[in-house]
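One structure is given here, and the rest of the page talks about it.
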Amino acid sequence: MSFTRRCLGRSVPAVLLIVLIACARAPRPAVRPEPPFVQSMRQIVPLPASVEPEDGDPFVIAEGLAIVIAPGNDEVRGVAEHLRDLVAFPAQPEPRIEAAVSPIPDGSIHLSLADPDTPRAPESYELTITSRAVTLTAPDPAGLFYGVQTLRQLLPPALEHEAARPFELRLPPGRVADAPRFAWRGAMLDVARHFFDVHDVKRYIDLLAMLKMNRLHLHLSDDQGWRIEIKSWPNLTAHGAKTEVGGGPGGFYTQEQYADLVAYARARFITIVPEIDMPGHTNAALSSYPELNCDGVAPAPYTGIEVGFSALCVGKEVTYTFIEDVVTEIAALTPGPYFHIGGDEVKTLTDEQYRAFIDRVQRIVASAGKEAIGWDEIAPAPLLPATIVQHWRPESPLTDAVEKGARLILSPADRIYLDMKYDVETPIGLNWAAYVEVRDAYDWDPATLVEDVPERTILGVEAPLWSETIAGIRDIEYLAFPRMAAVAELGWSPAGRRDWDGFRARLAAQARRWAALGINFYRSPQVDWRH
Ligand code: NGO
């Protein structure tokens, strides 16, 4: 029997077979290279403060491209290298990075730090593209990095494929002048309920950087696991790291691995914010060291998802020795100025005990040279001037925090908790706060979320991703994308310029790039992904 008949079955009529064979033998149209494709300046996410596309010829990235920088600044060189890696053609000589020359040679991309005497917003940038050259100017290396992220979205999405690219790279002519609305554009990843290894966290960092996010808060301990090596308390990881929700193997970062993550994030202008949650959410620590328990008896490891049952013994001195050791070791590995002390959902202490504990722990954090951050339950406790309150409970009053002059990070659970399901059909996630579709995550304004909270007290926004129901990078991506883009825009873009319809259209334009990057994003029915 012929191959075709075997494959299609005995009942295929002879006429149909002839047609099939004829088609198979017909000459195929020649494979045409992808035509040079120019992205629109109007599709950038997060939306820039000002975009002025121009008519005219694009800038063509040709072989032999030079990226010109001022000499002597390692961070600027790092940004130039990041750009070079983005546009390098496989199997061709890499673009050159050259020290500043004047005038800027035709066909080059010029990155420069602005004159410090002209005041400009931190992290801002100005990008001008003509057919002759690309110039990017910023007051700081972070601004240059964000300008490069804008350039990235102006390059063809197929650029993100690792395979060779047989087409030219073209940039549309025009001008972008841009600056972030808020200083804090954060994401939080819960590595305690399920552990995510260094590789997964780096991937998350890469995706955040693309959206001009600048904080990654790592929730490093909880009832179900302790995730960072503490040399003075080794049983935290020898015992406390070996569990996770559902009974999986858990895991932890060695101090070297944590330092590597911090450096990786820093090279992408992302500050790592470590969290050790206390006095509650501490079963993993209590299970590792009996002396941290009031009755001196270590509880069994915990792999469920209840909250509120555990607390350090706040009346024992050893508890504070423990906290001081942990904070000191982590602070020494963390160049960023913040240390998150948790403080959420404590159901086994009196208000008085709880407030005294928060008071004391803030001082320990300050002695380690860091500013404390706590979930919004800490607001009624005495707060040091530098302490930051992270709003999460949709109904929680913030007047206490505001009256005390605390700065706020907004993470309202019914808007930007990324572990909330999109809708009833979502296979992973929780729904205790709400179902959060893309529009719910996007369509609100940080300045008017909570009554009587003036914008100047708001540091910014942060999207937590709790991991009770998620177990790998694909799950992370599914819940984070596209909602992370909404959070990035809430944090970055001017309030008056953004609206849901505009965002929806720009989001659709990200799909090809995200697909090329292999991001497992949720194709929300609210977005017309075909555009
Ligand atoms: C709450 C709780 C976490 C849960 C999360 C699930 C805060 C700050 N404490 O948020 O322990 O994992 O909800 O959505």
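The values are calculated or read from the model by the stated rules, or taken from the named source; none is laboratory data. Keep in mind that what you see is a predicted model, and the values were worked out from it rather than measured. Note that each Cβ is placed from the backbone with ideal geometry, even for glycine, and that neighbours are counted across all protein chains shown. The protein model used for the area step is the full one, side chains on, heavy atoms only, and it has no ligands, DNA or RNA in it. Shrake-Rupley method; radii C 1.70, N 1.55, O 1.52, S 1.80 Å.
Remarks
- Lone unmet requirement of (1) in contact (Cβ under 8 Å) with a residue 24 or more places away in the chain; (2) within 16 Å of the ligand (Cβ to nearest atom); (3) over 20 Å from the mean Cα position of the chain (by Cα); (4) surrounded by fewer than 24 Cβ atoms within 10 Å (Cβ to Cβ) for A495: (2)
- Some residue of segment 354-364 being open to solvent by less than 10 Å² (accessible area, probe 1.4 Å), within 15 Å of the ligand (Cβ to nearest atom) and out of contact with any Phe, Trp or Tyr (no Cβ under 7 Å at 6 or more places or on another chain): yes
- Residue check, L398 more than 20 Å from Y354 (Cβ to Cβ) and open to solvent by less than 50 Å² (accessible area, probe 1.4 Å): no
- When the residues of segment 90-113 are filtered to those that are crowded, with 17+ Cβ neighbours inside 10 Å and outside any strand (DSSP E or B), the one that is modelled with the lowest pLDDT is I104.
- Residue selected from segment 371-383 under the condition part of a loop (DSSP other than H, G, I, E, B) and over 19 Å from E451 (Cα atoms), by the criterion farthest from the ligand (Cβ to nearest atom): P382
- Among the residues making up segment 439-477, those that are open to solvent by 10 Å² or more (accessible area, probe 1.4 Å), within 16 Å of the ligand (Cβ to nearest atom) and under 20 Å from S524 (Cβ atoms) are D440, T469, D475.
- Test result for E52, in the same structural domain as P173 (by TED's automatic domain parsing), at pLDDT below 95 and either in contact with a Cys (Cβ under 6 Å, 6 or more places away or on another chain) or within 30 Å of R512 (Cβ to Cβ) (or both): no
- Among the residues of segment 365-380, those that are under 17 Å from V327 (Cβ atoms) and either in contact with a helix residue (DSSP H, G or I) (Cβ under 7 Å, 6 or more places away or on another chain) or open to solvent by 20 Å² or more (accessible area, probe 1.4 Å) (or both) comprise V365, A366, S367, A368, G369, K370, E371, A372, G374, I378.
- Boolean, D85 is in a helix (DSSP H, G or I) and assigned by TED's automatic domain parsing to the domain that holds L459: no
- Residue count for segment 409-438, restricted to those that are within 26 Å of A505 (Cβ to Cβ) and more than 16 Å from the ligand (Cβ to nearest atom): 4
- Candidates A401, A406, A368, A386, filtered to the one that is within 16 Å of the ligand (Cβ to nearest atom) and hydrophobic (A, V, I, L, M, F, W, C): A401
- Residue match in segment 375-382 (condition: more than 23 Å from A413 (Cα to Cα) and touching an Asp or Glu at 6+ places or on another chain (Cβ under 8 Å)): yes
- Flag if K347 is touching a residue at least 60 places away in the same chain (Cβ under 8 Å) and among the basic types (K, R): yes
- Residue check, A406 within 27 Å of G502 (Cβ to Cβ) and open to solvent by less than 20 Å² (accessible area, probe 1.4 Å): no
Per-residue answers, yes or no, for (1) open to solvent by 20 Å² or more (accessible area, probe 1.4 Å); (2) outside the structural domain of L207 (by TED's automatic domain parsing); (3) within 16 Å of the ligand (Cβ to nearest atom); (4) part of a helix (DSSP H, G or I):
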{"position": "S232", "(1), (2), (3), (4)": "yes, no, no, no"}
{"position": "T237", "(1), (2), (3), (4)": "no, no, no, yes"}
{"position": "G246", "(1), (2), (3), (4)": "yes, no, yes, yes"}
{"position": "G251", "(1), (2), (3), (4)": "no, no, no, no"}
{"position": "E256", "(1), (2), (3), (4)": "yes, no, no, yes"}
{"position": "P301", "(1), (2), (3), (4)": "yes, no, no, no"}
{"position": "V307", "(1), (2), (3), (4)": "yes, no, yes, no"}
{"position": "G315", "(1), (2), (3), (4)": "yes, no, no, no"}
{"position": "V326", "(1), (2), (3), (4)": "no, no, no, yes"}
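- Checked against the criterion of being out of contact with any Gly (no Cβ under 6 Å at 6 or more places or on another chain) and either modelled with pLDDT under 95 or part of a strand (DSSP E or B) (or both), the candidates G186, G147 yield just one match: G186.
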